[in-house]
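This report concerns only the one structure given below.
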Amino acid sequence: MTSFSVKFSATSLPNSNRFSKLHATPPQTVAVPSSGAAEIAAERLEPRVEQRDGYWVVKDKFRQGINPAEKAKIEKEPMKLFTENGIEDLAKISLEEIEKSKLTKEDIDIRLKWLGLFHRRKHHYGRFMMRLKLPNGVTTSDQTRYLASVIRKYGKDGCGDVTTRQNWQIRGVVLPDVPEILKGLDEVGLTSLQSGMDNVRNPVGNPLAGIDPHEIVDTRPYTNLLSQYVTANFRGNVDVTNLPRKWNVCVIGSHDLYEHPHINDLAYMPATKDGRFGFNLLVGGFFSPKRCAEAIPLDAWVPADDVVPVCKAILEAYRDLGTRGNRQKTRMMWLIDELGVEGFRAEVVKRMPQKKLDRESSEDLVLKQWERREYLGVHPQKQEGYSFVGLHIPVGRVQADDMDELARLADEYGSGELRLTVEQNIIIPNIENSKIDALLNEPLLKNRFSPDPPILMRNLVACTGNQFCGQAIIETKARSMKITEEVQRLVSVTQPVRMHWTGCPNTCGQVQVADIGFMGCLTRKEGKTVEGADVFLGGRIGSDSHLGEVYKKSVPCEDLVPIIVDLLVNNFGAVPREREETEE
């Protein structure tokens, strides 16, 4: 496949293959003056992976107790499906033949995730979800039309979703079409490479980057560089494709913290030091079924030029030293816990080009007292005479015709660009003010994607749910809409309330950061097993961010409406409609 856009060679960075192997008999220790482990055995700091035939693999002596996903990677390198065109041969094999072989069955269920392809075996057998890389959520009308053309051919099986990582996912893909789809993506400047499984997820940035009158820094150059590094500009960067688990990164560009830094493995926080612009670093934020953790300071600052080198160093420390046993204990924060913050920091320093890393700066540029701004609706840009319009995309779901219309609107009224947000909405930037009224009168904005949705709908987020996802326990998208509509008929709400739905404990819907969250489960009612939800309360985003906690467990979904009504009345100032009418 041909590469696209700015060339960014991973080889221009320091050689990532040179590790300092530490062997000690009897065991030696390295002092670490921090919380967590006070001492680290030197043998623990020996990298657990090594390079063989150009790919990173777990060393033989560290293979005892590894999890099934790690075994699948050892049996067959997933990236060869891309780097050696293995997908071309796989796409020619029937599903019946694939199912007969353990290797090819694991290709479609595990290894294809390195190409961004997720087999929906349980609820959509033979169909795939394809996840794109879309740094900063910026996409073009041509890219959007191409994705629409892909899903249209799959009829009722095809649709698209805006994700909680500012990204596109398309559904209904069948394996024989994949090679041609990948070529088409490349032609419009997109890739799905390294967007799933043990890879770096889509780099998130300010959805208003470059147009925000109050932005601190335009995040697009940094998220683009990070994405180009991670994928070696669409060629595949095998130095960072064998991580212990997935890994999330964001670059903060505004005081609003639209990017949710506290739930990322690495967050770049704008700060100056000695007159230079750069970033303080937060590390370790993540969600999982067994544990959720907020990102913590690494006590490190990097100048803007070192955004990629420090990302590389952190990824290599995680790749080399992260554990590969229980998948519930392999996210990067577990390694930070084991080594202590200073111990982990020391490993990052070892992997920096100059073996140095400045301490955190006190000159944080993010204002602590800042009211998070609304981006739905019409808002002036920093460019005089232009505005952006934020559109509400109900729970992120779009059809092919919707995508074509969005592309048309971006071309006709804006600059041919669309911005995706982590709340599953879309922004059309660069609209001349003289065209605003005409845009607002477009049928799509009147009937489907309102710039001014009802207050409870505007912050509603829902994961895929069990319509397509085999991990999900309950249906989420349609249910979240239906229940919210019912609640709206019962209470009047005057302040924004963020309600998130997720179909299972993997929490793709990020219920822990919601004002009210719903995590799918199975429960019992009148002696029968029914779909239910654990209700979370009190999550916060922005400068006072913290994770919500479980308010009530195992509530049957059909019983949620009165509970939500009570929460809104007692915690968010809602007024029952009956009382509102009486008072009038």
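The values are calculated or read from the model by the stated rules, or taken from the named source; none is laboratory data. All values reported here derive from a predicted model rather than from experimental measurement. Neighbour counts are summed over all protein chains in view; Cβ atoms, including those assigned to glycine, are modelled from backbone coordinates with ideal geometry. What goes into the accessible areas is simple: the full protein's heavy atoms, side chains included, and nothing from ligands, DNA or RNA. Shrake-Rupley method; radii C 1.70, N 1.55, O 1.52, S 1.80 Å.
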Restricting to the range 271-305, and then to whatever is within 14 Å of Thr223 (Cα to Cα) and out of contact with any Pro (no Cβ under 8 Å at 6 or more places or on another chain), can you tell me which residue is surrounded by the fewest Cβ atoms within 10 Å (Cβ to Cβ)? Asp305
Count of the range 142-172 residues which are open to solvent by 10 Å² or more (accessible area, probe 1.4 Å) and small (Gly, Ala, Ser): 2
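Does Asn430 meet the test of being open to solvent by 50 Å² or more (accessible area, probe 1.4 Å) and over 22 Å from the mean Cα position of the chain (by Cα)? Give the steps one after another, and end with the answer.
On the way: open to solvent by 50 Å² or more (accessible area, probe 1.4 Å): no; over 22 Å from the mean Cα position of the chain (by Cα): yes.
When the stated conditions are applied, Asn430 does not pass them.
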Within the range 241-256, the residues that are of a type outside the set (S, T, N, Q) and open to solvent by 10 Å² or more (accessible area, probe 1.4 Å) are Arg245, Lys246, His255
The range 136-158 residues that are more than 22 Å from Ser227 (Cβ to Cβ), paired with ones that are among the charged types (D, E, K, R) and open to solvent by less than 30 Å² (accessible area, probe 1.4 Å) (beta carbon under 9 Å, 6 or more apart): Ala148/Asp402; Ile151/Arg171; Tyr154/Arg171; Asp157/Arg171; Gly158/Arg171
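Please find, within the range 469-499, the residue that is nearest to Phe536 (Cα to Cα) out of those that are out of contact with any Ser or Thr (no Cβ under 8 Å at 6 or more places or on another chain) and open to solvent by less than 10 Å² (accessible area, probe 1.4 Å). Please lay out each step first, then the result.
Of the residues in the range 469-499, the ones out of contact with any Ser or Thr (no Cβ under 8 Å at 6 or more places or on another chain) are 469-471, 473-475, 478-498.
Next cut, open to solvent by less than 10 Å² (accessible area, probe 1.4 Å) only: 474, 480, 484, 487, 491, 497.
On the way: Ile474: 16, Ser480: 15, Thr484: 16, Val487: 17, Val491: 20, Val497: 13 Å.
The selected residue is Val497.
Quick grid of which residues meet (1) of a type in the set (D, E, K, R); (2) under 23 Å from Gly390 (Cβ atoms):
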residue	(1), (2)
Gly210	no, yes
Tyr222	no, yes
Asp256	yes, yes
Asp265	yes, no
Among (1) over 21 Å from Ser543 (Cβ atoms); (2) open to solvent by 50 Å² or more (accessible area, probe 1.4 Å); (3) touching a residue at least 40 places away in the same chain (Cβ under 8 Å), there is one condition Glu384 misses while meeting the rest; what is its number? (3)
Within the range 92-125, the residues that are in contact with a strand residue (DSSP E or B) (Cβ under 8 Å, 6 or more places away or on another chain), in a loop (DSSP other than H, G, I, E, B) and within 25 Å of Val230 (Cα to Cα) are Gly116
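When you scan the range 35-91 for helices (runs of 4 or more DSSP H) that lie fully inside it, which ones turn up with 1 or more residues that are open to solvent by 30 Å² or more (accessible area, probe 1.4 Å), touching a strand residue (DSSP E or B) at 6+ places or on another chain (Cβ under 7 Å) and at pLDDT 95 or above? Working first, answer last.
Values: elements: 68-75, 80-83, 86-90.
In the range 35-91, the matching helices (runs of 4 or more DSSP H) lie at 68-75.
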Can you pull out every residue in the range 211-240 that is open to solvent by 10 Å² or more (accessible area, probe 1.4 Å), closer than 16 Å to Gly253 by Cα and part of a loop (DSSP other than H, G, I, E, B)? Pro213, His214, Glu215, Ile216, Val217, Asp218
Residues that are in contact with a helix residue (DSSP H, G or I) (Cβ under 9 Å, 6 or more places away or on another chain) and either under 18 Å from Cys469 (Cα atoms) or β-branched (Val, Ile, Thr) (or both), drawn from the range 73-104: Thr83, Ile87, Ile93, Ile98, Thr104
